[in-house]
Amino acid sequence: MIRLQCEACGASELKKSGDLYICEFCGSRYFIDSQGGEEGSVLTEARVIALLEEANRLHENKQYTAELKVLVEALALDEHNSIIMVHLGRCCRTLNNPDKALEFYDKAIELNPYEGTAYTNMGTIYLLRCEYENAKQCYDKGLPLIDKCEFDYWLAQANYAVAIAKLGDPERAERMISEAEARGYSNGDVIRKMAGIKKRTFFSRLFG
């Protein structure tokens, strides 16, 4: 039976990715056999884990340049870690370098084809570039890889709704935004403005 806690960092965020489980915090990999049991692992080094913790702290404090330096150091120690790639993508996007962010997201997907967050983050970049078909393709690939129990799923779905509206289906987009709001998403009106749609009131649904 697969472990419920990462041996390297102690996190319980283990996600099935094909024939292995990956720790969503540190990137440690646990390989599973055909019966679902663990048959080997590649554990992330303690130094890399410490750097990821520092990078998260810096990101929360909006110290993005310092965060980037820490993540580059982590990458030098573990260049096959998809979690580091995702974090680098997030950091580069925040530093207004979307092209570099896309490179890191592509690399994350190359290392782990089940990295849904990399796909949806790429979708957001294309969305901001008004490349709505490219954004749609990214969300189509990424959303099925993210658990609906995670808030990130509903955040991505709300963003995806903008692409859907811009591609000609505002009614579906409204349903997607409303569903995200029912799951705790709080920026529905902002997304509607981006999508160019208005939330229909109960009265307008009856008589519109």
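The values are calculated or read from the model by the stated rules, or taken from the named source; none is laboratory data. A quick note: this is a predicted structure, and the numbers were derived from the prediction, not measured. Note: ideal-geometry Cβ built from the backbone for every residue, glycine included; neighbour counts use all protein chains shown. Ligands, DNA and RNA are stripped out before the accessible areas are found, and what is left, the full protein with its side chains, is counted by its heavy atoms. Shrake-Rupley method; radii C 1.70, N 1.55, O 1.52, S 1.80 Å.
Of the residues making up the stretch 141-178, just one is charged (D, E, K, R) and open to solvent by less than 40 Å² (accessible area, probe 1.4 Å), namely E174.
Taken as a whole, the structure leaves L20 outside the set of residues that are among the hydrophobic types (A, V, I, L, M, F, W, C), within 20 Å of the chain's Cα centre (by Cα) and modelled with pLDDT of 95 or more.
Taking the stretch 13-40 only, how many residues are over 18 Å from I84 (Cα atoms) and of a type in the set (G, A, S)? Number satisfying all stated conditions: 5. Screening the candidates C138, C130 for the property of being assigned to a loop (DSSP other than H, G, I, E, B), out of contact with any strand residue (DSSP E or B) (no Cβ under 8 Å at 6 or more places or on another chain) and either closer than 19 Å to S186 by Cα or of a type outside the set (D, E, K, R) (or both) yields one hit, C130. Which residues, counting only those in the stretch 52-80, are over 20 Å from N97 (Cβ atoms), out of contact with any Asp or Glu (no Cβ under 7 Å at 6 or more places or on another chain) and of a type in the set (A, V, I, L, M)? Across the stretch 52-80, the qualifying residue is only L52.
Within the stretch 97-110, not a single residue is more than 22 Å from I49 (Cβ to Cβ), in contact with a Leu (Cβ under 6 Å, 6 or more places away or on another chain) and not basic (K, R).
In the stretch 89-102, the residues that are open to solvent by 70 Å² or more (accessible area, probe 1.4 Å) form Cβ pairs under 6 Å with partners that are at pLDDT 95 or above and assigned to a helix (DSSP H, G or I), at six or more places apart or across chains, as follows: R93/A101; K100/C92.
Answer with yes or no whether S82 is closer than 22 Å to A8 by Cα, open to solvent by less than 80 Å² (accessible area, probe 1.4 Å), of a type in the set (S, T, Y) and in contact with a Ser or Thr (Cβ under 7 Å, 6 or more places away or on another chain). No: the conditions fail for S82. Selection of the stretch 12-48 for residues being more than 20 Å from L75 (Cα to Cα), assigned to a loop (DSSP other than H, G, I, E, B) and free of Cβ contacts under 8 Å to residues at least 40 places away in the same chain yields S12, E13, D19, D33, S34, Q35, G36, G37.
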